[in-house]
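Q: Please see the structure below; I have some questions.
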Protein chains: 2
Amino acid sequence: MIKALLSALLVLVAVSSAFGKYIPKTGKRIPQTLSRGWGDQLIWAQTYEEGLYWSRSRNKPLMIIFHLADCPHSAALKKVITEDNDIQKRLDEDFIILNLIYETTDKHLSPDGQYVPRIMFVDPSMTVRADINGRYRNRLYAYEPADLTLLKTNMDAAKKLLKSEL
Amino acid sequence: MIKALLSALLVLVAVSSAFGKYIPKTGKRIPQTLSRGWGDQLIWAQTYEEGLYWSRSRNKPLMIIFHLADCPHSAALKKVITEDNDIQKRLDEDFIILNLIYETTDKHLSPDGQYVPRIMFVDPSMTVRADINGRYRNRLYAYEPADLTLLKTNMDAAKKLLKSEL
């Protein structure tokens, strides 16, 4: 498996060199991933519109992680979420997922302000689940690395859809 | 360079195996890229909000490619755009770029309907450049592979900002 992967990569590298593809002045870059490090094996929606569409059509709740690249709290939460195989499996199988650095124009996604890290759930009926929150009264949708068990409980709550026949 | 890259990949593969990271039931996936094949070396905005923010703050026009994964016209246009180093260089240096599969809620981005492939330019003043269009009267913002020269001309037009002092 690993050998096959490496062979495929070798071929890719060889082919891309042969064709003389565009290389930026500043040197070759590693292609950006949609996961932004929150789980490379998961399938991420690109935008809120895409997430809503998938959520409705597959009847799965949407989980949105708002974060920032240079925020240590985001980085700490990212670390525990990516290293927890149980959460990764649940995200993969039971949720539509989206991670966003830039806020959307939809004010429903920031009921108590725009801060990071912040996790919002949206029901397939397109209702933002403002009732599902963490343990901090001043930042209802914030989670710290120690809150992983609460996050899992909240994921279970989100899986109980508001209108299951939709 | 290639050797170093492969060594780094080897290490990555080894490390990820060692830690027993999450692997989906259906097998290991190749991480999704933000480029979706439109130029892996370019830096893509994830969402329209992100694109607008970068466009304003860096004073560069935003170019948005609407496409679909299973559309042969999108695929044909993608092929010529990725293989043209001149366009790739211009996109990299002179534009903020965004490729979208799902439409946004902003109707200004579909002046004559939602179809793919469709290329829209947005000025850093946040004005959609509905005046910059291709050669088809019924689909003003559609481009075919043979329209690459016209696309370059239009990119030049978009670079002449509406309010250059912004």
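The values are calculated or read from the model by the stated rules, or taken from the named source; none is laboratory data. What you see is a predicted model; the values in this text were computed from it and never measured. No Cβ is skipped: glycine too gets one built from the backbone with ideal geometry, and neighbour counts run over all protein chains shown. The accessibility values were calculated without ligands, DNA or RNA, using every heavy atom of the protein model including side chains. Shrake-Rupley method; radii C 1.70, N 1.55, O 1.52, S 1.80 Å.
Q: Per residue and in Å³, how big is the convex hull formed by the alpha-carbon atoms of the protein assembly as shown?
A: Numbers: hull volume 52.8 nm³, N = 332.
Here the figure is 159 Å³ per residue.
Q: Per residue, what accessible area does segment B:28-119 have, given a 1.4 Å probe and all protein chains present, in Å²? Each step should come with its number before you reach the end.
A: Numbers: 3840 Å² over 92 residues.
Value for segment B:28-119: 42 Å² per residue.
Q: Could I ask something else about it? DSSP beta bridges in segment A:14-166, what fraction antiparallel, as a percent rounded to 5?
A: On the way: 6 of 12 bridges.
The antiparallel fraction comes to roughly 50 percent.
Q: Just tell me which lysines come within less than 30 Å, Cα to Cα, of residue A:60; anything on the same chain fewer than 8 places away is out.
A: Excluding near neighbours in sequence, the set is A:78, A:79, A:89, A:107, A:152, A:159, A:160, A:163, B:21, B:25, B:28, B:107.
Q: What does the buried accessible surface come to for B and A, summed over both chains, with the probe at 1.4 Å? Round to 100 Å².
A: On the way: alone 10630 and 10630 Å², together 17050 Å².
Chain pair B/A: roughly 4200 Å² of buried accessible area.
Q: Cα-based Rg of segment B:18-73 per 2.2 N^0.38 Å, rounded to two decimals? Could the numbers behind the result be given before it?
A: Working: Rg = 16.1 Å, N = 56, 2.2 N^0.38 = 10.2 Å.
Ratio of Rg to 2.2 N^0.38 Å for segment B:18-73: 1.58.
Q: Can I ask one more? Would you mind pulling out the separation of the Cα centroids of segment B:56-81 and segment A:65-112, in Å?
A: 27 Å
Q: Same structure again: Accessible surface of residue A:83 in the full protein assembly, 1.4 angstrom probe, to the nearest 10 Å²?
A: Approximately 120 Å² for this residue.
Q: Under the rule of at least 5 residues apart or a separate chain, name every residue whose amide H is placed under 5 Å from the amide H of residue A:100.
A: Residues meeting the amide H criterion: A:65, A:66, A:67.
Q: Please report, for residue A:72, the nm distances (one decimal) from its label point, 7 Å out from Cα along the beta-carbon direction, to the equivalent points in the remaining copies, shortest first.
A: Values, ascending and in nm: 5.7.
Q: With a ≥ b ≥ c taken as the square roots of the eigenvalues of the C-alpha gyration tensor of segment B:79-150, please select rounded if a/c is under 1.5 and otherwise prolate if a/b is larger than b/c or oblate if it is not? List each step's numbers first, then the result.
A: Numbers: a/c = 1.67, a/b = 1.25, b/c = 1.34.
Judged from the Cα gyration tensor, segment B:79-150 comes out oblate (a/c at least 1.5, b/c at or above a/b).
Q: Taking all protein chains in place and a 1.4 Å probe, what share, in percent, of the accessible surface of the protein assembly as shown do carbon and sulfur account for? Can you show the working numbers first?
A: Values: 9930 of 17050 Å².
Carbon-and-sulfur percentage of accessible area, whole number: 58.
Q: Summing -39500 (n - 2.57) over the DSSP H runs of n ≥ 4 in the protein assembly as shown and dividing by its residue number, what mean residue ellipticity at 222 nm do you reach, to the nearest 500 deg cm²/dmol?
A: On the way: 10 runs with 124 residues, N = 332.
It comes out at -11500 deg cm²/dmol, rounded to the nearest 500.
Q: Oh, and also: Using just the alpha carbons, could you tell me how many Å³ per residue the convex hull of chain A encloses?
A: Numbers: hull volume 25.7 nm³, N = 166.
Dividing the Cα hull volume of chain A by its residues yields 155 Å³.
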